[in-house]
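Beneath this line is the structure, given in structure tokens, with notes to follow.
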Amino acid sequence: MGKLSIIKEFWEFLKVRKRYWLAPILIILVLLSSLIIFAETSAVAPFIYTLF
């Protein structure tokens, strides 16, 4: 079971249960979490912190 199978299974759940409104929320959460991880581990961190 890889990460792709979890994503595929979750997408099937969204299709069957008609919960398409969850997809944008999860996409935003993934983008924000990747921004936080990127900000902690790079030299660009001071510039990202000034945005918020």
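Coordinate-derived values only; no laboratory data. Remember, it's a predicted structure, so these values are computed and weren't measured experimentally. Positions of Cβ are backbone-derived with ideal geometry, glycine not excepted, and every protein chain shown enters the neighbour counts.
Within the range 24-39, residues that are over 21 Å from Thr50 (Cβ atoms) sit with their Cβ atoms under 9 Å from residues that are assigned to a helix (DSSP H, G or I) and among the aromatic types (Phe, Trp, Tyr), at 6+ positions apart or across chains, in these pairs: Leu26/Phe10.
I need the full set of residues from the range 9-46 which are aliphatic (A, V, I, L, M), loosely packed, with under 10 Cβ neighbours inside 10 Å and either touching a Gly at 6+ places or on another chain (Cβ under 8 Å) or not in a helix (DSSP H, G or I) (or both), in order please. Scanning the range 9-46 gives a single hit, Ala43.
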